[in-house]
Every structure is written in C-alpha cells, then in structure tokens.
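Written below as structure tokens is the structure these notes are about.
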Amino acid sequence: MGTMFVKIKILPRNPNKKPGELKPEIEEIIKKFNGSVKKFEEVPIAFGLISLVVLFEMSENGDTEPIENAIENSEEVSSIELLDIRRAVG
C-alpha cells in the first residue's frame, strides 16, 4: 500500500482572522482520517486576504473527499480548493 501527498488551499471565513489560527483544527481533522500534515504555508491572495495551504500525506487507498468535507464544514472556513494530489515515490 502506497502513500500520496495532497495539497489543499483553505480560505478563512473571517478575513481578519490569521490563517495560522486554523492550523490546530485542520491538523486534527487530517489526523482523524489517518493523514499526516507535512507543511503549512500562508499564501497572500489579494487585498490583505491570506489563504492557508496545507500539504499532507495519506494512504493512496484513501479518499480525500471526507477530509475536504470535514474541513469545509468547519465554522472558521469559507472555502477550500484541492490544488494537487501526487503519488509518493520512493
């Protein structure tokens, strides 16, 4: 059984909230679905709005949809976008 890397962009509901404040909740959701966060990155979009991009690892037999839905249903999240999925080689 292999692994894959998934990258998701998350927009906070409140534009005044720092995206870094979402990290613990996002990490907990990913762990709940047997994933492992590898990296968080804050990426400016426009007009002071900053997104949170998370890179995580999970089983390639898993489905990203439950993780995406759980993150999107968070009260602090406005929207998410799946940016990339890659099979881990090594």
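The values are calculated or read from the model by the stated rules, or taken from the named source; none is laboratory data. Note that the coordinates shown come from a computational prediction; the quantities given were computed from them, not determined experimentally. Cβ sites come from the backbone with ideal geometry, for glycine too, and all protein chains shown count toward neighbours. Protein only, heavy atoms only, side chains kept; ligands, DNA and RNA dropped before computing areas. Shrake-Rupley method; radii C 1.70, N 1.55, O 1.52, S 1.80 Å.
Being of a type in the set (S, T, N, Q) and within 13 Å of Ile30 (Cβ to Cβ) is the filter here; which residues of region 63-90 pass it? Break it down into steps so the answer makes sense when it comes.
Pass one, region 63-90, residues of a type in the set (S, T, N, Q): 64, 69, 73-74, 78-79.
Selection gives Thr64, Asn69, Ser74.
Right, Asn73: among the polar types (S, T, N, Q) and at negative phi or not? Please lay out each step first, then the result.
Working: among the polar types (S, T, N, Q): yes; at negative phi: yes.
Judged against the criteria, Asn73 is a match.
Answer yes or no as to whether Lys38 is of a type outside the set (A, V, I, L, M) and at pLDDT 95 or above. Give the derivation first.
Numbers: of a type outside the set (A, V, I, L, M): yes; at pLDDT 95 or above: yes.
Yes: the conditions hold for Lys38.
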Study note, to complete from the structure: Going through region 13-27 in order, the residues found to be assigned to a helix (DSSP H, G or I), surrounded by 12 or more Cβ atoms within 10 Å (Cβ to Cβ), of a type outside the set (Asp, Glu) and modelled with pLDDT of 90 or more are Leu22, Lys23, Ile26
Exercise for review: Considering only region 28-37, state which residues are surrounded by 13 or more Cβ atoms within 10 Å (Cβ to Cβ) and in contact (Cβ under 8 Å) with a residue 24 or more places away in the chain.
Suggested key: Ile29, Ile30, Phe33, Gly35
Exercise for review: Within region 38-81, track down each residue that is in contact with a strand residue (DSSP E or B) (Cβ under 6 Å, 6 or more places away or on another chain), without any contact (Cβ under 8 Å) to a residue 24 or more places away in the chain and open to solvent by less than 60 Å² (accessible area, probe 1.4 Å).
Suggested key: Phe40
